Amino acid sequence: HIEAAIEKLSKRHDYHICVYDPRGGRDNSRRLTGHHETSNIFEFSAGVGWNRGASIRIPRQVGQDGYGYFEDRRPAANCDPYAVTEAIMRTTVLNETGVETKDYADH
């Protein structure tokens, strides 16, 4: 299930980047540089273990056991946790697709 969820998230990377930041991705563009243990805002990646430079990090034990959880490392510190949870659920559970984005900065 984890691999399937990660595959779905990879296909909506731009959508999630926008939702994970109340300024539509503008704050995350300064933070997600690919340096200093962050992923690159323009590329989706997933990794197991201590790969803190990945968009999605799977703890080593979860990778070994084949079940557990993963960390989405893309949300900004000032994100709306309800919007982030909604986006993850819509993509991974409700199987929504598409690249539509929402710019919450205008609301």
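The values are calculated or read from the model by the stated rules, or taken from the named source; none is laboratory data. Note that the structure is a prediction, hence the values are computed from the model and not measured. Methodologically, a virtual Cβ is constructed for each residue, glycine included, from the backbone with ideal geometry; neighbour enumeration extends over all protein chains shown.
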>> Could you go through region 85-92 and let me know if any residue there is modelled with pLDDT under 90, among the hydrophobic types (A, V, I, L, M, F, W, C) and either in contact with an Asp or Glu (Cβ under 7 Å, 6 or more places away or on another chain) or surrounded by fewer than 18 Cβ atoms within 10 Å (Cβ to Cβ) (or both).
In response: no
> Restricting attention to region 59-84, which residues are under 22 Å from PHE42 (Cβ atoms), part of a loop (DSSP other than H, G, I, E, B) and at pLDDT below 90?
Replying inline: ARG73, ARG74, PRO75, ALA76, ALA77, ASN78, CYS79
>> Restricting to region 43-58, give me the number of residues that are at pLDDT 80 or above and either surrounded by fewer than 17 Cβ atoms within 10 Å (Cβ to Cβ) or out of contact with any helix residue (DSSP H, G or I) (no Cβ under 8 Å at 6 or more places or on another chain) (or both).
In response: 7
> Of everything in region 59-84 that's among the acidic types (Asp, Glu) and free of Cβ contacts under 8 Å to residues at least 40 places away in the same chain, which residue is surrounded by the most Cβ atoms within 10 Å (Cβ to Cβ)?
Replying inline: GLU71
>> Considering only residues that are touching a strand residue (DSSP E or B) at 6+ places or on another chain (Cβ under 7 Å) and of a type in the set (S, T, N, Q), which ones fall in region 41-63?
In response: ASN51, SER55
>> Given (1) in contact with a Ser or Thr (Cβ under 9 Å, 6 or more places away or on another chain); (2) farther than 19 Å from VAL84 by Cβ; (3) modelled with pLDDT under 75; (4) not aliphatic (A, V, I, L, M), identify the lone condition not met by GLY25.
In response: (2)
